[in-house]
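Worksheet: one structure, shown below.
The values are calculated or read from the model by the stated rules, or taken from the named source; none is laboratory data. Note that this is a predicted model, so its numbers are computed, not measured. Because the Cβ atoms are built from the backbone with ideal geometry, glycine has one as well, and the counts that use them run over all protein chains shown. Each accessible area value is taken on the protein alone, full model and side chains, heavy atoms only, with ligands, DNA and RNA left out. Shrake-Rupley method; radii C 1.70, N 1.55, O 1.52, S 1.80 Å.
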Amino acid sequence: MIPVSFDYQKVKTVDEAIAALSNDNSKILAGGHSLLPAMKLRLSQPSKLVDIAAIASLKGIKEEDGEIVIGAGATHADIAGDKLIKSKLPFFAEGASMIGDVQVRNHGTIGGSLAHADPAADWPALVLAADAAIEVQGSNGKRRIKATDFFTGLFSTSLQDNEIIVAIRIPVPAQGTKTSYQKFSQPASRFAIVGCAVMRFPDGKTNIAFTGVSDNAFRDSNAEAVVSGKVISNDSIAAAAKAAVQSVNILSDHYASEEYRKHLAKVYLKKALQAVA
Amino acid sequence: MSTKITVTVNGAKHIDKVEPRLLLVYYLRDVLKLTGTHVGCDTSSCGACTILVDGKATKSCTMLAVQADKCKITTIEGMATNGELHPLQEGFNQCHGLQCGFCTPGMIMTAADLLKNNKKPSEEQIRAALEGNFCRCTGYHNIVKAVQYAADKMSAPRARKTKKEAAL
């Protein structure tokens, strides 16, 4: 499969990338592991690719001013193996190590995955549960978009044209915070049929996010209300599962019907809550 | 519009002008005539096209040749040294790790990435590492054995012995 012909520009800085995106039909190329397959199927036909892989400022993972900052160009493998992430945001490392396969993890990036916003991708649930902000840069400078405002629908985000994700910023969780990511994978693609990310803070506040279940990943406030600030017990887990995935449009495909997917979401929420109990 | 790239493939430097849409696997096969790297599914699923890009296992059907500019690439043709098979190649031979052989180059390149970071992988770790490589013939058992064979051989103090032998 051969993509439609396009122009190619490799850039070294974010400013250069923003300037290069002036043409409406330009696309950013990071790891290329979502974009290139779509281009090969000709589902996507950009006239120009702006390759940001060489931008040094987009790499790296660090702690800065009370936040964990993950460069948008960090690969899934970078994050899965990072010491800081393993110690302070362990479910990011677990989730990253469950994405696709070794080859995909070696090239796919967190920024690319978030911008693509596949309804079955893992990162959206993780950034939602971690109260992350997506830092983006455009011709008017930088701004932060809360993860909860970022995903707007199937493959849709609140990114504007000419904006590029530069980092993912997560408040450093208080000592004693527990996290879990539980996923039922599509056996061939390893995309999530259902993925449930949970972050439980020492004060009992509990964030719950799902991916794979609906048009876009979402925070489940009904389920959160059941367990937040309360002891996690068999009863409260059962009650949270009962309250979960109500009032959302549930996806259905040849692999998992609406009913089955809904059931799986509740089962995987239970597993995640048991893991943070 | 074509773009100039400089790549080092199996130790040899190549400078070529390529169309940006040319996939790396077709650059290797059609331009450099290195046909040991196979195109299986062409959809990033099967891993038959796996090569090492700067040491990392990579599906070459999911990378543009222009993205590989200034990179070091190793393909299956670069595994043997001076006519001597790489321990992984020897392992697949000795353990009957293949039947039709179509997936083998990709299997070997992914396993090479694994063994670089993990000298003594468990069976479970080998299976996890090869998750992105499909084999439709063997049922994977002998592939796992082949990787274990290579891990054992590579960790044996063979090089030292050879040096000693050479001194004698």
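Annotations for the structure displayed:
- Cβ-Cβ contacts under 7 Å between residues 6 or more apart (or on different chains), taken from a first residue in the stretch A:45-63 that is within 14 Å of chain B (Cβ to nearest Cβ) and acidic (D, E) to a second residue that is part of a strand (DSSP E or B) and surrounded by 14 or more Cβ atoms within 10 Å (Cβ to Cβ), are listed as A:D51/A:Y8; A:D51/A:Q9; A:D51/A:K10; A:D51/A:L29.
- Selection of helices (runs of 4 or more DSSP H) fully inside the stretch A:83-192 by the criterion of at least 1 residues being more than 28 Å from A:E16 (Cβ to Cβ) returns A:83-88, A:90-97, A:102-107, A:123-129, A:147-150.
- Number of the condition not met by B:T75 [criteria: (1) over 21 Å from B:K17 (Cα atoms); (2) away from chain A (no Cβ under 11 Å); (3) among the hydroxyl-bearing types (S, T, Y)]: (1)
- Residues (over 16 Å from B:T58 (Cβ atoms), within 17 Å of the chain's Cα centre (by Cα) and within 12 Å of chain A (Cβ to nearest Cβ)) located in the stretch B:104-128: B:N118, B:I126, B:R127, B:A128
- Any hit, the stretch B:2-18, residues being modelled with pLDDT under 95 and within 14 Å of chain A (Cβ to nearest Cβ): yes
- Number of positions in the stretch A:14-50 that are in a helix (DSSP H, G or I) and under 23 Å from the mean Cα position of the chain (by Cα): 8
- Residue list for the stretch A:83-142, filter: of a type in the set (D, E, K, R), surrounded by fewer than 24 Cβ atoms within 10 Å (Cβ to Cβ) and away from every other protein chain (no Cβ under 14 Å): A:K83, A:K86, A:K88, A:D131, A:E135, A:K142
- Candidates in the stretch B:15-40 are the residues that are touching a residue at least 24 places away in the same chain (Cβ under 8 Å) and farther than 19 Å from B:T3 by Cα; of these, the one that is surrounded by the most Cβ atoms within 10 Å (Cβ to Cβ) is B:T37.
- Of the candidates B:A68, B:A48, the single residue that is buried (at least 16 other Cβ atoms within 10 Å of the Cβ), modelled with pLDDT of 95 or more and under 11 Å from the mean Cα position of the chain (by Cα) is B:A48.
- Some residue of the stretch A:255-269 being within 24 Å of A:H33 (Cα to Cα) and open to solvent by 10 Å² or more (accessible area, probe 1.4 Å): yes
- Matching residues in the stretch A:227-238 - criterion: being more than 10 Å from A:K270 (Cα to Cα), in a helix (DSSP H, G or I) and open to solvent by 40 Å² or more (accessible area, probe 1.4 Å): A:D235
- Selection status of A:D15, at pLDDT below 95 and more than 10 Å from chain B (Cβ to nearest Cβ): no
- For the stretch A:69-76, the criterion of being part of a helix (DSSP H, G or I), within 13 Å of the chain's Cα centre (by Cα), away from every other protein chain (no Cβ under 14 Å) and touching a residue at least 12 places away in the same chain (Cβ under 8 Å) is met by no residue.
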